[in-house]
Amino acid sequence: MALAGALVALVALLAIPAGAAGEAALPQGFQDETVFDGLEQPTNFVFAPDGRVFVAEKPGRIKVFDNLNDPSPTVFADLRADVYDNGDRGLLGLALDPDFETNGRVYALYTWDHILGTPWDPEEPEYGDPEVSGDPDCPGDNPSNSCLVSGRLVVLEEDSGSPNHAVEEGGLPKEEQLLEGWCQQFSSHSIGELQFGPEGALYVSGGDGAAYESIPDWGQLPISGGTGPNPCGDPPGPEGVTPNPMSQSQGGALRSQNLKLLNGAILRIDPDTAEPFAGNPLLGNGDKNAERTVAKGFRNPFRFTFDPQTGEIYSGNVGSSEIEEIDRFGAPPTSLYNSGWPCYEGIERQFQFRTLGLNVCNALYKAEDEGKPQNSEPFLNYSHGQSVVPDDECPYESGSAVSGLAFYQGTQLSDAYEDAFFFADAVRGCIWVMTVGPDGKPDPATTERFMREGKVYPGVKIAEGPDGYLYYASLFSEEGAGEGEIHRIAYKPDSPVAKLEAKPPYGLYNGSDKFETTVDAGKSTDPDGEPLTYEWDLDEDGAYEKSGTEQTQALTFTKAEQEAREKADPPLSPNRVVTVRVEDGQGLSGIARITVYPGDVPPTATIFTPNPANWRVGDLVKLDGKGVNADGEIKSPRPYYWQTRMAHCPDPSNPSACHVHPLQTFSGIRRPEFFAPQHDYPSYIEVLLRVSDERGLSGTATFQYQPRTVSLSLVSSPPGIELLAANTEALSPFSIPAIDGSEIQLKAPETAVVGGKAYTFSGWSDGGAREHPIVVSSAQPQYVAKYTTPGEGEDGGDKKPHKAPQTLLGKHPPKTTRSRQAKFTFRASARSTFKCKLDGKPKSACRSPKTYKKLKPGRHTFKVWATAGGKTDPTPAKFLWKILPPRR
């Protein structure tokens, strides 16, 4: 798929070690097996209930295999007369009706060799030839040479009298058209996926059809062949005229926000009629396409899948020049889901579109500024200039494109992958896996690389097979030829494990303009102790040129060779990938790949002292750092990756015995901001910065970001009573360190005996209950627990004191939000009246709930006091929160 003068802090500076290791292409015990080969760029596959496997080929043929052992498929339908397969376009979506066994219905979603609004003759396609693969481009005004085409959803039916063949009409497959649209003027982000939901609805995805070059396309770009700008006739129209005024444009990438179009959307339709499915969020809108739409604002939702546990949709969204993302939302959502493209990319306002003054984007920005965002942030995102997870060795110098997505419910991949979520980036050539967190849903913090493949576009589709194994489609074969394959990943614990090291893995050329290294597979192992043979691919052609018992290979790369690679047409990566395959006596094998970087060394990374230098709970923390390579400071934000983690140290006497919990990650952001979280002491925030160069080498820096603390004094009257503060229980008086702004619990016993005399709790100095939370502040460093003897008041007299009520806070906003509205509920320990105070404003009478609107970005403080029997709670309930500024 197209796919500063700040004080420099003391940091731990790291880089890839001198003997970097190439991990196995798959985890230990897994085998990658080719199931079907000789396919012409397979893009999709589905398993039929009777064991057959249907495969979609990009040029337009649907093939069917009788079972997983059938080496010779039958052509079910040849749709090449209809399909336009130039660039990333083609037959991309395939699905079988849930009642396929009885009705034989097969659904296909493809790029249509047709211009919308013109007559259609399947024997005379707009550009290509019937029954011929490979459609031409359209040289002309547009540098991408892209043709104006459209998209089409059809249903075919199996011929009951001729198994494995579609019903024909006039010598061609009989197609029942369900939908047409998806005007596309460029050769990428075309149509996408077909999936049936658990309720029987058909879900359909399509891209924006706009320019994939690194320029903002709002409808002003001409199409090849002299058609002129805005060939799709998007508002304000007309076709062939540059949108005027520009601010009102809804063309190009902005089609993703136009509900009247199918572009950049996921639809939910009746599979028989293509009518909007019951329960869609926009039913009654009056426009059928809007009523069909359940999710909008995608650049290219090429693949999506359903979580079988929750029913939620996980959709990829292929990024532009910055960020890849995965979105998550309910199926169907109760309201329209909007991923935000092109006004947003990842978590930020898109750097090009945010400056253009386009009404469509300005409306989204205004809604966010007012605290009522109409778009959602992604579930997961990663930068085009960084690895998905550290040291995954998945190359990104050729681009990125999130592709196949799948949940695993089988039992053949070992227990470690139960309910796991797999996702691929076909351009990087890798598959990652994410396991479930405490909430039973995929947890991004658990992400790790699962498979590293060669340059074969693996994972354009991923699915669990009926046998419980994981299957994926590779657009090409290992050799990179036109033929592609369907693979199976099987768990065979007796398989050998390949390990590969490069010594050194990188370095500058020496005086003879050569870079020399040795690749070593000597740490490869076999669980049964069998001897191994080693097969080597040293020239990246997918074929193993050397085979035998030799465990090492000496390699030399000259500067001249490297320069020639970069000047080739098309240019080749200066990085060199070496592959070893080890095999035992049972024929089981393991593969490892390693990237070598002739003429390159890792950049250095530096973290500047954060602002503020020490944090308190609720502080807006601003991070800054830099990466430097041989060319100087790396200024683009794409190669920057930040990770923040909370290091919790449960034993104050052993501050080195800490464990960490993930907080936030920031991918492709140079200077991120976050709010310091609530946490007990001792703890600190661990900050990691990873900066990568264009070839993928990384430098890493870490920083221990310490909190600001308050020495909290706990006293009892009389002294000697055991009190609890946070996690410390001790005889008073005593002191504990606590993080400024944190919330901790105080607790005093109901009764106590000191010096043989019995005492009863009468109150804390702050007026709180016997057990109550406090917010730590240097303004109130001491808390006194007061006790009386029977018959005494607090002053030692006989009068029983009348206590002030305790104010209790209920619902409140999140501690970090972009909403400019805040709602609070509160109550008291006795029947009371209340007074509220916001920030520096005076107190005023109030009732629960209390709502504030049109608040400004920044920090805010809410306080509420309860009054009963003439006594007012001396310690109001208090809440501090931060309203984030609008995204820029």
For residue 803, distant residues with modelled amide H under 5 Å away: none
At 222 nm, what helix-only mean residue ellipticity would the chain give, in deg cm²/dmol to the nearest 500, using -39500 (n - 2.57) for each DSSP H run of four or more? -1000 deg cm²/dmol
Arrange the peptides 152-159, 275-282, 644-651 so that the one whose residues have, on average, the most other Cβ atoms within 10 Å appears first. 152-159, 275-282, 644-651
Can you run phi through the Karplus equation (6.51, -1.76, 1.60; θ = phi - 60°) for region 766-774 and list ³J(HN,Hα) in whole Hz, with x for Gly and Pro? 8, x, x, 5, 4, 10, 7, x, 9
Anything over 32 Å Cα to Cα? Flag those among 811/856; 441/523; 803/856; 757/835; 296/863; 635/878, in the order listed. 441/523; 803/856; 757/835; 296/863; 635/878
Restricted to Cα positions, what overall size does the chain have along the principal axes? Three whole-Å values, descending. 106, 70, 55
For region 737-888 (alpha-carbon point model, no solvent) the Debye-based log₁₀ I(q)/I(0) at q = 0.10, 0.15, 0.20 Å⁻¹ works out to -0.44, -0.87, -1.29
Out of all DSSP beta bridges in the chain, what portion is antiparallel? Express it as a percent rounded to 5. 95 percent
Counting sequence-distant residues (5 or more places) and residues on other chains, those with an amide H built under 5 Å from that of residue 172 are none
Read phi for every residue in region 343-354 and hand back ³J(HN,Hα) as whole Hz from Karplus 6.51 cos²θ - 1.76 cosθ + 1.60, θ = phi - 60°, with x for Gly and Pro. 6, 10, 9, x, 9, 10, 5, 4, 5, 8, 6, 5
Determine the gain in length on full extension of the stretch residue 747-residue 397; use 0.36 nm per residue of separation and subtract their C-alpha separation, reporting nm with one decimal. 120.2 nm
Could you rank the peptides 204-212, 484-492 by their average count of other C-beta atoms within 10 Å per residue, with the highest value first? 204-212, 484-492
Distance from region 836-888 to region 158-182 (C-alpha centre basis), Å: 66 Å
Long-range amide H partners of residue 712, meaning residues 5 or more apart or on another chain whose placed amide H is closer than 5 Å, are 736, 738
Kirkwood hydrodynamic radius (C-alpha pairs) into Stokes-Einstein, region 637-714, 37 °C and 0.692 mPa s, D in µm²/s: 233 µm²/s
Of the peptides 408-414, 265-271, how do they stack up when ordered by the mean number of other Cβ atoms within 10 Å, highest first? 265-271, 408-414
What is the distance in Å between the Cα centres of region 445-470 and region 59-110? 21 Å
Quarter of the surface of the C-alpha convex hull for region 318-429, i.e. direction-averaged projected area in nm², equals 9.2 nm²
Within region 808-881, report the trypsin sites (Lys or Arg not before Pro) that DSSP leaves as loop and that have at most 15 other Cβ atoms within 10 Å. 811, 815, 831, 843, 847, 853, 854
Considering only protein heavy atoms, what per residue accessible area in square angstrom results for the chain with a 1.4 angstrom probe? 41 Å²
The percentage of the accessible area of region 133-192 (probe 1.4 Å, all protein chains present) made up of carbon and sulfur atoms, to the nearest whole number, is 42 percent
In whole angstrom, how far apart do the alpha carbon centroids of region 239-284 and region 491-561 sit? 51 Å
Which shape class applies to region 121-204: rounded if a/c is under 1.5, otherwise prolate when a/b exceeds b/c and oblate if not, where a ≥ b ≥ c are the square roots of the Cα gyration tensor eigenvalues? oblate
Please turn the phi angles of region 91-97 into ³J(HN,Hα) values with the Karplus equation 6.51 cos²θ - 1.76 cosθ + 1.60 (θ = phi - 60°), one per residue in order, whole Hz, x for glycine and proline. 7, 10, x, 8, 8, 9, 4
Is the C-alpha gyration tensor of region 528-629 telling us rounded, prolate or oblate? Criteria: a/c under 1.5 is rounded; beyond that, a/b larger than b/c is prolate, otherwise oblate. oblate
Taking only C-alpha positions in region 401-495, Rg and Dmax in angstrom work out to 13.3, 44
Taking 7 Å along the Cα-to-C-beta vector as the label spot, tell me the residue 851-residue 713 distance in nanometres, rounded to one decimal. 4.6 nm
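The values are calculated or read from the model by the stated rules, or taken from the named source; none is laboratory data. This is a predicted model, so every value here is computed, not measured. Positions of Cβ are backbone-derived with ideal geometry, glycine not excepted, and every protein chain shown enters the neighbour counts. Surface areas here come from the heavy atoms of the whole protein model, side chains and all, with no ligands, DNA or RNA. Shrake-Rupley method; radii C 1.70, N 1.55, O 1.52, S 1.80 Å.
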